[in-house]
Every structure is written in structure tokens, then in C-alpha cells.
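Accompanying notes for the structure given below.
Each reported figure results from applying straightforward, stated rules to the coordinates on display, with no laboratory input. Keep in mind that this is a model prediction, so the values were computed, not measured. Glycine gets a Cβ as well: all are built from the backbone with ideal geometry, and neighbour counts include every protein chain shown.
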């Protein structure tokens, strides 16, 4: 056969496959109705293993591809069944309540907690999210959560990841502990500069202060220096302030350029970060779940059984609906060896078809599921 004939035959096979696929999905819906009437769970691992075993046996040298095809078919089948079996689960109730109170416009003002001092990147992110916000500066990330938890502030703004230096693990752990809602996020391009007292030259510097994340983002620059001590502190802007107030003339700070003017320092070196593609992502947290129009990111915390294939079962559910996963972060469970919870971020809205049923299915199959929020990024 020539190429056109082969393609024609492929088209015919595709038509047959589509017809059979639709018939199979109709059967899956009938199964869902039966399970609903008889109180049976969607997942039947024994049945799935039996089907896949037969497929591999019959597929010969195409066994790998056949296994993948039928695994995907079963995930699609379960997704369809889950949509028909939406019930009164805890996650569904939470989602329904969130959608009932959906708001059109994100607030421009409010009491906002952020870590550090004036001139820090957290302050810039908070000003971007709340142009007329009243900012309260606190010393630590946990203090941000405590301020929101106590009611002192309505919102908190914290960094959650950097494109060059990875996730801010302390914030992920606090999200797990407090279980606040994420209601919006934003990204800032981070430019690090070396700041010192007026008149001091770069070769005279003997000590550099900065936040641990900034130190990691400027590792190549720091490695090029000789006989210089690098000391972590709580915030880049706090480092600049400390240098300005220090009696030591030969100390410096890695901080943002605006801190130079703010604290009366000179810029000795500009753009000292390892990569120009240096962005930090900040999230706005709220004790009360809130959702606003245009929300297209969903953040979750999930924990699963410590067994082979458990994480794959979780990840396959959004994949079956064509939902893009843009973040997967593991965090160890305190006191348990080699057990983790996972922070997952999806590009999706709670309003999209199949999303609520997917969350319900995750809730049934996971040890724990926490919906952190459905929000947009500015």
C-alpha cells in the first residue's frame, strides 16, 4: 500500500475506535449508576489489574503501549463515573460554599502582614497586590501566619518559590500547619545588588549579610570573593538596614537597588544574581476561603499511602481531564521516615467540568486532601 492508502486505513480504524470508545464510556456510566445504587466505590484495583494483565498478555511486543492505552482508558472511565457520583463529601461542600460567595473584584486595601522591613521584596509584592493596603512588617514567615490567624491582619503576603533557588520550604510547612487559603499570587523579577556605606570600595568588604534565598541566588558572585564572611539574616532589606546602622564600615548587604536610596547606601555591584531569569513568586493568604472571578490556579495538599504507584494514581486524575500540573512539591511528614505530603498546583478553575468530581475522587483515594484555594496570578 502507498502512504495515502495507509492513512485511509488509519482513518477507518480511528472511526471504529471512536465508536467503541463512546460505547465503552456509556457502559462506564451504567456501571456508575449501579455503583451509586449499591453504595460501591469507583476504584476497583483488582478489576483494573485483571484487565491490564489480559491486555499485556494479548498485546505481544506492543505490550508497553497497550498497557499505557488501557491505563488511560480506565482513568477516563473513572473520571466520567466520578462526575456522575458527585455527592455530599467534605471537599464538595467546601467548593460549593466557595463558589456561592465568589467575588468579582479583588480588594485594593486591607491590613496586610509581610515579613521584613520597608524596601524588601515582600513589601513590593504586597504593594502590587494591595495598592492601598496598610502594611504591617513582622520578623518571620511564621509571624505573618500568626498575624492572620489572630485577626490582626486580614491578609498575609509570603514568598513561596524562586525560579533559581527553588521553593521556600518554611512557607510550605506553614501552609501545611495553618491550612490558610491562597487567594492570589504574583511574580516579581528579583535584581540583587551589593550595597555598602558611602565611600567603601568592594575590595574592602569583609562581611556580607543577606537572606538565605538571596545568598543562594548569588552563589557564583559570592564564590568569586576572597576572605569574605557571608552571614544569613531574616530579610534582604533588613540586611541593608543593619549595614546602614552598623559601626562596621566594611560590611555590605545583598538587597534590592531601592534599598540603597532608602537606607543611604552605595551600590557596589548590580545584577549579581546567578541568572537574569530570577523571579520570586509570592502568594496572598487569608484565614477565610475566598475566590474571585478569573481564578485559574488550584493549590492542594495531598497525602497518600506509602506504597508503589500511590502517587501515580493521584497524578493520573488531573491528567485524565487534560489539566496541566504546574507544581509538585514534596514535604516530609514530621516523625515518619520516608513519608511525604505533596503540594500540587493545577491550571484549572473549580467551575470547569469534571474538576469537582476529580477533587472528590482524590478525597476518596488519598489519606488527606486539603484545598488551599482557587485563585489567579497577577
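Observations on the structure shown:
- Exposure proxy ranking for 287, 94, based on other Cβ atoms within 10 angstrom of each Cβ and starting from the fewest, stands as 94, 287.
- The long axis of helix 45-59 is offset from the longest Cα principal axis of the chain by roughly 70 degrees.
- Gyration tensor verdict on segment 1-85 (Cα atoms; rounded if a/c is under 1.5, prolate if a/b is larger than b/c, oblate otherwise): oblate
- Cα centroid separation - segment 1-36 against segment 111-153, whole Å: 55 Å
- The calculated FRET efficiency for the pair residue 229 and residue 189, based on their C-beta separation and a Förster distance of 35 Å, comes to about 0.75.
- Protection proxy ranking of 134-142, 305-313, by the mean of other Cβ atoms within 10 Å over each peptide's residues and highest first, is 134-142, 305-313.
- Segment residue 276-residue 103, extension gain: residue separation times 0.36 nm, minus the distance between their alpha carbons: 58.6 nm
- Computed over the chain, the per-residue total of -39500 (n - 2.57) for DSSP H runs of n ≥ 4 gives a 222 nm mean residue ellipticity of -13500 deg cm²/dmol, rounded to 500.
- Segment 1-134 - percent relative contact order, Cα under 8 Å, separation 6 or more: 19 percent
- For segment 110-172, share of DSSP beta bridges that run antiparallel, in % to the nearest 5: 20 percent
- Comparing Cα centroids, segment 302-359 and segment 202-266 end up 39 angstrom apart.
- Computed over the chain: relative contact order in percent, which uses C-alpha pairs under 8 Å that are six or more apart: 20 percent
- DSSP-defined beta bridges in the chain - what % are antiparallel, rounded to 5: 70 percent
- Extension gain for residue 52 to residue 67 (0.36 nm times residue separation, less C-alpha to C-alpha distance): 4.8 nm.
- Cα pair distances in the chain, grouped into 20 Å bins until the bin that holds the longest one, percent each: 24, 44, 25, 7, 0
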